[in-house]
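Colleague: Just passing along the structure, written as structure tokens.
The values are calculated or read from the model by the stated rules, or taken from the named source; none is laboratory data. Since the structure is predicted, the reported quantities are computational estimates derived from the model, not experimental observations. Cβ: placed from backbone, ideal geometry, glycine included. Neighbour counts: every protein chain shown.
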Amino acid sequence: MNKSAIRKRILKIRKQNSYKNLEINYKNLLKILKKEKISGKKLGGYYPYNFEVDDIKILKKLEKQKYQISLPKIRKNFKMDFFSWNPKDPLIINELGIPEPITNKIEYPDILLVPMVAFDEKLNRLGYGGGFYDRYISKLKIRKKILLVGLAFSFQKVKKLSTNKHDMKLDYILTEKNLSK
């Protein structure tokens, strides 16, 4: 099945399951952070869109543990950067309908929580097809070591995703059922 067909199928299933209020186990994320001994406490999250895993509760808990939270802003030419955000801060809606921070303070996360449409057992992820995260991760890896943690629902797992040299593999994937690494 090609990427477009997988996207269409998984997005439909995700929408159908949105009422179930499935949540990621926060303690599994803490286990990863403790195990990986990340030196910095800068964490990039995302504002959930189109029935993605809602990471806002996780971001709020991590902020209480002194993590510096940032969210992405879409830039020109299919680029994005992460900007400082506090759960009490207002957000603005971008042209894609996704809430973004108002601030212009760029952050470079040590840990990145990554949304996705689908994933496979080899920790490959399929996004919406714009390449925003792949480009950002590639750029950030030149600057520093980063831990990539994908957030998805277990039903988003597919047998195999076709990949190319631009696709960035994740370090972990957390679902409501388990942790993959």
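Colleague: Would you tally the residues in segment 80-115 being of a type outside the set (Phe, Trp, Tyr) and in contact (Cβ under 8 Å) with a residue 60 or more places away in the chain?
Modeller: Residues meeting the conditions: 8.
Colleague: Here's another thing I want to ask about it. Here are some conditions: (1) surrounded by 17 or more Cβ atoms within 10 Å (Cβ to Cβ); (2) touching a strand residue (DSSP E or B) at 6+ places or on another chain (Cβ under 7 Å). Residue 52 meets all but one. Which one does it not meet?
Modeller: Every condition holds for residue 52 apart from (2).
Colleague: Scan segment 19-46 for residues that are under 12 Å from residue 151 (Cα atoms) and either without any contact (Cβ under 8 Å) to a residue 60 or more places away in the chain or of a type in the set (Phe, Trp, Tyr) (or both) and report the count.
Modeller: So the answer is 2.
Colleague: Looking at 146, 142, 137, which is the one that is more than 13 Å from residue 114 (Cβ to Cβ) and either crowded, with 17+ Cβ neighbours inside 10 Å or at pLDDT below 95 (or both)? Give the steps one after another, and end with the answer.
Modeller: Details: 146 fails: more than 13 Å from residue 114 (Cβ to Cβ); 137 fails: more than 13 Å from residue 114 (Cβ to Cβ).
That would be 142, the only listed residue that is more than 13 Å from residue 114 (Cβ to Cβ) and either crowded, with 17+ Cβ neighbours inside 10 Å or at pLDDT below 95 (or both).
Colleague: Can you pull out the residues in segment 29-49 that are assigned to a loop (DSSP other than H, G, I, E, B) and within 13 Å of the chain's Cα centre (by Cα)?
Modeller: Step one: filter segment 29-49 for residues assigned to a loop (DSSP other than H, G, I, E, B), giving 37-41, 45-49.
If the condition is that a residue be assigned to a loop (DSSP other than H, G, I, E, B) and within 13 Å of the chain's Cα centre (by Cα), then 45, 46, 47, 48, 49 are the ones that fit.
Colleague: Out of all the residues in segment 118-151, which are closer than 22 Å to residue 50 by Cβ, of a type in the set (A, V, I, L, M) and in contact with a helix residue (DSSP H, G or I) (Cβ under 9 Å, 6 or more places away or on another chain)?
Modeller: 118, 126, 148, 149, 151
Colleague: Go through the residues of segment 122-129 one by one and say whether even a single one is under 26 Å from residue 15 (Cβ atoms), out of contact with any Phe, Trp or Tyr (no Cβ under 9 Å at 6 or more places or on another chain) and buried (at least 17 other Cβ atoms within 10 Å of the Cβ).
Modeller: Yes, segment 122-129 has at least one match.
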